[in-house]
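The values are calculated or read from the model by the stated rules, or taken from the named source; none is laboratory data. Here the structure is a predicted model, which means the values were calculated and not measured. Positions of Cβ are backbone-derived with ideal geometry, glycine not excepted, and every protein chain shown enters the neighbour counts.
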Amino acid sequence: MNRKNLLVICLSLFVVVSSKAQDSYQPGFAILNDGTRVSGLISLYEKAPWYNQRFIYLKDSATIAANPGKDVKSKKYVADDLKYYKVGDRTFTKIHYVDLENLQAKSLGSNDHMLEVLALGRIKAYRFYAYPQDVYLTFGTEDDVKKQIQNNTNDLLNNWKMLTQKDDEAKYRDAFDYDLQKLFGDTPEIWEKYKKGGYGNEPISEKKGLAARMMNMAKKATYSHMQWESLVAAINEYNSKNTAVK
């Protein structure tokens, strides 16, 4: 094979990648669609977290107890089987969301995802990762292909969405690409605090003019994902001050 002129077809198949991507088993439990609770050790994917949205592998506690010292076999549960699961202090719940910016083929399953819960209350917030491409073609050397795959992976890891839903809104909005003044508008003290950097976030400039707006947009693109915890803190404070749906 000529390494100088290589055509590669890359397939993002869960069957091939999942065994390599799995990072660890941690204590947790799952609630199935029929309400059954299954406790035990659950797989969690840190390096490829989009897998957490599609399926889990669970070693149930009863089987572990009956086989002390042995590596018991895990059972796979896909999003269609699950309502909710918790691993350590992280919780994941089923959300129906169509990512119009990154439509994928049927190989990835339905538009139901097990999303990590970041905040609950009048404003609900969830972490959503786009999925790897089903198939892509690339010309180049093997090193070029490896770099492209790594770049694509880094993009997925760094450019996740914080999906928010306020009250009974049907639509989910990405908080990283939304006017936060509208989100917090009915509680202006939250917006003012966030605007001034009161949650440890980068302050939002009130300067007028095109240049200032462009600088703010650049700052937003740079800092939004780095400061997601500050945004969650603001949402949590908003929820604590607004317990009833208006």
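Summary table below
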read-out	value
Yes/no for Tyr136 being at pLDDT 85 or above, in a strand (DSSP E or B) and out of contact with any Phe, Trp or Tyr (no Cβ under 6 Å at 6 or more places or on another chain)	no
Output for segment 23-48, where each listed residue is touching a Phe, Trp or Tyr at 6+ places or on another chain (Cβ under 9 Å), of a type in the set (D, E, K, R) and at pLDDT below 95	Asp23
Condition broken by Gly197, with the remaining ones in (1) outside the structural domain of Ala233 (by TED's automatic domain parsing); (2) on the phi > 0 side of the Ramachandran plot satisfied	(1)
In segment 139-174, residue modelled with the lowest pLDDT [restricted to those that are part of a strand (DSSP E or B) and touching a helix residue (DSSP H, G or I) at 6+ places or on another chain (Cβ under 9 Å)]	Gly140
Residues of segment 108-131 satisfying the condition of being of a type in the set (S, T, N, Q) and either under 11 Å from Arg54 (Cβ atoms) or modelled with pLDDT of 95 or more (or both)	Ser110
Matching residues, segment 49-71, being crowded, with 20+ Cβ neighbours inside 10 Å and aliphatic (A, V, I, L, M)	Ile56, Leu58
Any hit, segment 225-245, residues being within 19 Å of Val117 (Cβ to Cβ), modelled with pLDDT under 85 and more than 20 Å from the chain's Cα centre (by Cα)	yes
Scan of segment 180-191 for residues that are over 17 Å from Trp228 (Cβ atoms) and part of a loop (DSSP other than H, G, I, E, B), ordered by number	Gly185, Asp186, Thr187
Filter result for the condition that a residue is of a type in the set (Phe, Trp, Tyr), at pLDDT 95 or above, assigned by TED's automatic domain parsing to the domain that holds Arg127 and under 17 Å from Tyr85 (Cβ atoms), over Tyr57, Tyr51	Tyr57
